[in-house]
Every structure is written in C-alpha cells, then in structure tokens.
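The values are calculated or read from the model by the stated rules, or taken from the named source; none is laboratory data. Bear in mind the structure is a predicted one, so any value in this text is a computation, not a measurement. Please note: Cβ atoms are built from the backbone with ideal geometry, for glycine as well, and neighbour counts cover all protein chains shown.
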Amino acid sequence: MVKEIERAGIPVVHICTVVPISLTVGANRIVPAIAIPYPLGDPTLEPTEEKKLRRKLVEKALKSLQTEVDGQTVFED
Amino acid sequence: MNKIRVVHYINQFFAGIGGEEKADIPPELKEGFVGPGMALNKAFKGEAEIVATVICGDSYFNENLEKAKAEILQMIKSQKPDLFIAGPAFNAGRYGTACGAVCKIVKEELGIPVVTAMYIENPGVDIYRKDLHIVSTGNSAASMRKAVPALVKLALKLVRGEEVGIPDKEGYISRGIRKNVFLEKRGSTRAVEMMISKLKGEKFLTEYPMPNFDNVEPNPAVKDISKAKIALVTSGGIVPKDNPNHIESSSASKYGKYDIEGVNDLTKETYETAHGGYDPVYANEDSDRVLPVDVLRDMEKEGFIGKLHRYFYTTTGNGTSVDNSKKFAAEFAKELVSDGVDAVILTST
C-alpha cells in the first residue's frame, strides 16, 4: 500500500514495528514503532505519558515527511 | 552410522502453546519433537532424528531481534546438531521472518546445513531467499502434508552433501544463483527455439527471468507541514465498533473508508481492530495506539499541521495478498490525490 500511495505522487511515511518487512515492501520513509499489538502506544504507561509517547512518534513521522530522502531511509532517534 | 541430529524451530502457535495472546513468550528449548516436528521426524525414516525443538513467540522474536537471535543460537548450539530446520511458516509474516533470521545465523555461526519453508508471498522470502534454501509451500497450514516431504527431502540432500538441483526441480524458491552448465544445443539455437515457441503461442521457459524491480522513487518532502492536509491509512485493521463492512480478520478482500469528521479520540466504545494475527486487546482498548487520531487532532488544533483528512482508509494486513493490497491502495490513492491530500501516515502492526 505504501508503494501505491507513493506512486500516486503523495509522500508517505510508514510507521511500523518490523522494519525489515517495511524495507522489503519498498517504503521510502520509515519510522520504527513500539510493538506489534500497539505500534503507537504502550499500555504499561499512564494514559498521559502514553499519549506523549505517541505524540513523539507522530512528530517524528511528520519530520520525516518534511525531509528530502534519496531512497529508503529509516528515521531512528 | 549415528542418526543425523536435527534441531527444529517453531513458533508458539505450532507448539500448541497459544495464539496471539502468547506471541510474546521468550525462547525455550524442549527435548525431542513438538507439533509439526512429529511429521518431519517420521518422514526422516530413521535416518535423522529431531533431538530438540526451540519454541519462540513471534512477537517476542521480532521485537527483541538481536537478543532473541543470541538466545536461540545458544540453545541450538547446546544440542550439537548436524542439521537445522525452521517452520514451515506458510504465509505467517512474523513467523517467516523469524525462521529466516534464525536459519541465517545458524548457518553463519554453526556452519551446518539449514532449511526452512514458506509461501512465496511471505515477507521472509524476499529478505532471506538469497541466503537460504526456502522450500516453497502453500499459503496455509492446510498444505503441511505436501510441505513436509519436500522439506525433508531437501534437508537430507543438504546434510548428506549431495548436489542440489535447480529450484523448480527441488521445490525451493529461486535464490538468484546462476551456474555454468553444458547443454547439447548452443545458446543461439535455444534462443531461436524459444522465439518460435513464443510466436506460436506455445509455452516456453526463459533461462534468465528478468528480476522484478519495482521500487518507487520517494516523493519530494512536504514544504510546509502547518498548511498540509495529512491522511491516515493503516494495515492494522482499525474499524468502527462492530466492523460494519465486515473486513476479514485475515486475507482481506476489501478495505474500509471511514469518516472521522468531529472524532477527537478513538475509544473502546467506538472503534476496534478487525485484524487477526496479533493480540487485539490493546488496540480494542484504545485504537489510537494503532491509528493516532487523538494526537493528530491536537496538532491540528495547535496549527502544527494544516488539517487531518476527513477519511481514513483501513484494511487488515494479515495474510492479505500483495495483489489485493496493491489494488486497494491504487484505488484509494486516486481519491487521496483528488481530495488534495499532501502527505500520508501509514501505520502497520
């Protein structure tokens, strides 16, 4: 799906837990997530802390969308 | 002669420990065969024996990749195996990547023959096909009966040091290796024959299939995110409560498009996941953990982003074929373009 969206001309960031799969699938902007059942959360945290964590990931994803990339790029910390 | 010592790797599901709720179990070593190992052991007909089985949860493995690999390698090493087998993983993505990763490290560190088995669309295939012999299977465990003899035959060939033939004949997935062989007819003759077959509309077999390069160049970055319209897409199966369009929990044949105008937070009363293949408890409790609507609404209010697009698109990535996913996205990407979406955040579980 990432590739088809990119092909349509829209920049896309893939937030995913299993980065090797995303690389194989052909995503160009990749942001590693937390865990498979909760990529953008952590049930062990307090709700406010959890939301902060999610916000950080989304900010990172938005930053990747504002970054020019030349081929597949994983946005680590 | 002593029996060939085999160690087998399987996930929590095939070990009968449990489904997704047990996918986070750390690796453990069990004596003898477990689950599908029984059929493998029988097919060895006494020539080889599964001396131990390593079991690991799929989520644990993929979320703790380096640690899990090291732990599992130690367990395997302690059994002094002559041969290592993982799977079959069929179309289970995380299981397939785990089988591939373990096979690769065992091959490199212990120097023994390794073999695994998967369905051609398993993401483990693309990652590891160059490094490993991966026996080609059907897409579900229903094809276990066909997979076992093929897996055993190739494994025994490898451990005996016999020559392994071409992928089509031996039943493994092409590794992209070319080998020089002498044939009766020279190249030009073979090429003309193929050409004639093609013109006649007959079947012919190319000697060098073209690799399928299908990388899409990245689009330019978004210039001003504070003016951008951002859309959310997910393969994590987030849907309104009770899944009104009945998106399948696996091998999805459709996707959903849902209006989130005025929705500031996905709650357990209003949204859930339709996705099988991962523990749905956390996503059902709070779907923002997969589809971050709450955070993007905040950012929209703060002026951090221009606008959160009115619709999100969703399907379940679990075992859904590449062809279907392509078709879904090609279709809704057109709508995203005509709706003036500037960028997409796609989340996957």
Being assigned to a loop (DSSP other than H, G, I, E, B), among the hydrophobic types (A, V, I, L, M, F, W, C) and either under 19 Å from the mean Cα position of the chain (by Cα) or within 7 Å of chain A (Cβ to nearest Cβ) (or both), is that true of even one residue in region B:320-340? no
Which ones in region A:51-70 are facing chain B (nearest Cβ under 7 Å) and either modelled with pLDDT under 95 or part of a loop (DSSP other than H, G, I, E, B) (or both)? A:66, A:67, A:68, A:69
Taking the stated definitions as given, is residue B:252 within 22 Å of residue B:320 (Cβ to Cβ), in contact (Cβ under 8 Å) with a residue 60 or more places away in the chain and either in contact with a helix residue (DSSP H, G or I) (Cβ under 7 Å, 6 or more places away or on another chain) or not acidic (Asp, Glu) (or both)? yes
Confirm whether residue B:219 is surrounded by 11 or more Cβ atoms within 10 Å (Cβ to Cβ), without any contact (Cβ under 8 Å) to a residue 40 or more places away in the chain, of a type outside the set (A, V, I, L, M, F, W, C) and within 11 Å of another protein chain (Cβ to nearest Cβ). yes
Within region B:124-182, tally of residues that are of a type in the set (Phe, Trp, Tyr) and surrounded by fewer than 15 Cβ atoms within 10 Å (Cβ to Cβ): 1
Could you run through region B:160-207 and say how many residues are more than 28 Å from the chain's Cα centre (by Cα) and outside any loop (DSSP other than H, G, I, E, B)? 15
Failed condition for residue B:209, given (1) surrounded by 13 or more Cβ atoms within 10 Å (Cβ to Cβ); (2) without any contact (Cβ under 8 Å) to a residue 40 or more places away in the chain: (1)
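So that you can scan it fast, the table gives a plain yes or no per residue for (1) at pLDDT 95 or above; (2) outside the structural domain of residue B:113 (by TED's automatic domain parsing); (3) surrounded by fewer than 23 Cβ atoms within 10 Å (Cβ to Cβ); (4) on the phi < 0 side of the Ramachandran plot:
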site	(1), (2), (3), (4)
B:20	no, no, yes, yes
B:25	yes, no, yes, yes
B:30	yes, no, yes, yes
B:34	yes, no, yes, yes
B:39	yes, no, yes, yes
B:65	no, no, yes, yes
B:75	yes, no, yes, yes
B:80	yes, no, yes, no
Taking the stated definitions as given, is residue B:189 hydroxyl-bearing (Ser, Thr, Tyr) and farther than 30 Å from residue A:63 by Cβ? yes
Starting from residues that are in a loop (DSSP other than H, G, I, E, B) and surrounded by fewer than 22 Cβ atoms within 10 Å (Cβ to Cβ), keep the ones in region B:281-308 and report whichever is nearest to the other protein chains (Cβ to nearest Cβ). B:304
Which one is surrounded by the fewest Cβ atoms within 10 Å (Cβ to Cβ) among residues in region B:309-327 that are more than 15 Å from residue B:264 (Cα to Cα) and out of contact with any Gly (no Cβ under 8 Å at 6 or more places or on another chain)? B:323
Against the conditions (1) at pLDDT 90 or above; (2) over 30 Å from residue B:306 (Cβ atoms), where does residue B:238 fall short? Just the number, please. (2)
Exactly one of these conditions fails for residue A:10: (1) in a helix (DSSP H, G or I); (2) within 7 Å of chain B (Cβ to nearest Cβ); (3) out of contact with any Phe, Trp or Tyr (no Cβ under 9 Å at 6 or more places or on another chain). Give me its number. (1)
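Suppose we keep only residues that are part of a helix (DSSP H, G or I) and not hydrophobic (A, V, I, L, M, F, W, C) within region B:41-59. Which one would you say is surrounded by the fewest Cβ atoms within 10 Å (Cβ to Cβ)?
B:42
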Got at least one residue in region B:212-224 being of a type in the set (Asp, Glu) and in a helix (DSSP H, G or I)? no
Return only the number of the condition from (1) modelled with pLDDT of 95 or more; (2) assigned to a loop (DSSP other than H, G, I, E, B) that residue B:91 does not satisfy. (1)
In region A:26-50, which residue that is within 7 Å of another protein chain (Cβ to nearest Cβ) and surrounded by fewer than 21 Cβ atoms within 10 Å (Cβ to Cβ) is nearest to residue B:222 (Cα to Cα)? A:26
Checking residue B:2 against (1) crowded, with 16+ Cβ neighbours inside 10 Å; (2) over 21 Å from the mean Cα position of the chain (by Cα); (3) more than 13 Å from residue B:86 (Cα to Cα), which single condition isn't satisfied? (1)
Residue B:119 being away from every other protein chain (no Cβ under 13 Å), among the aromatic types (Phe, Trp, Tyr), buried (at least 21 other Cβ atoms within 10 Å of the Cβ) and within 18 Å of the chain's Cα centre (by Cα): yes
